[in-house]
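The next block holds one structure in the form of structure tokens; read it before the comments.
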Amino acid sequence: MAYPLTTIELGNDFALAHSLKYGHLPAIFSEPDPKEFLKAYVKTYLREEVLQEGLTRNLGAFTRFLETASFSQGAVLNTSEVAREAGLELKRVENYFSILEDLLLAQKIPVFTKRAKRRMIAHPKFYFFDTGVYRWALRAT
């Protein structure tokens, strides 16, 4: 898996519109068709990592989950809502979120609270590791 480049690494090659649409995976900047590269990258990565490692047996359900989870990008994560919208069991969705984190495709960010003494029930926020991968999952590229 390749990690996204930073704006410092990109230097003069950084373009905000391109970055928001295709992300910062290194190969994006050398590929003639970034959209096709992203599609192939995510499909290949999912097939190789998720299926071959035996992390899930149902790639169709995982793909449906991935698309549904993309709507949670940057928002407070409600796994029950994702499960309902994807038509999957809550336990399976929680497992799928763990798979995304284990594969470094996404990260849950805990809620920040100033007061440690008060215990609030709060859900983390959810972010894909790269905007290009997120947009592919959302089917927006």
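Of 76, 50, how do they rank once you tally other Cβ atoms within 10 Å and put the fewest first? Walk me through the intermediate numbers first.
On the way: 76 12, 50 22.
Result, fewest neighbours first: 76, 50.
What is the fewest-to-most order of 57, 135, 84, 64 by other Cβ atoms lying within 10 Å of their Cβ? Intermediate results must be reported in sequence, preceding the final value.
On the way: 57 9, 135 20, 84 13, 64 16.
Listed from fewest to most nearby Cβ atoms, that is 57, 84, 64, 135.
Can you put 7, 68 in order, fewest other beta carbons within 10 Å first? Don't skip to the answer; put the middle values down first.
On the way: 7 11, 68 21.
Result, fewest neighbours first: 7, 68.
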Rounded to the nearest 20 debye, dipole of segment 26-88 from Cβ charges on Lys, Arg, Asp, Glu
180
Point-charge dipole on Cβ atoms (K/R +1, D/E -1) for the chain, about Cα centre, debye to 20:
900
What number, in percent, do you get for the relative contact order of the chain if the mean sequence gap of Cα pairs under 8 Å and at least 6 apart is divided by its residue count?
31
Please work out how much length the chain gains when fully extended from residue 20 to residue 138, using 0.36 nm per residue of separation minus the C-alpha to C-alpha distance, in nm with one decimal.
41.2 nm
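Coordinate-derived values only; no laboratory data. As the structure is a computational prediction, the values presented were derived from the model and not from experiment. Cβ atoms come from the backbone with ideal geometry, glycine included; neighbour counts cover every protein chain shown.
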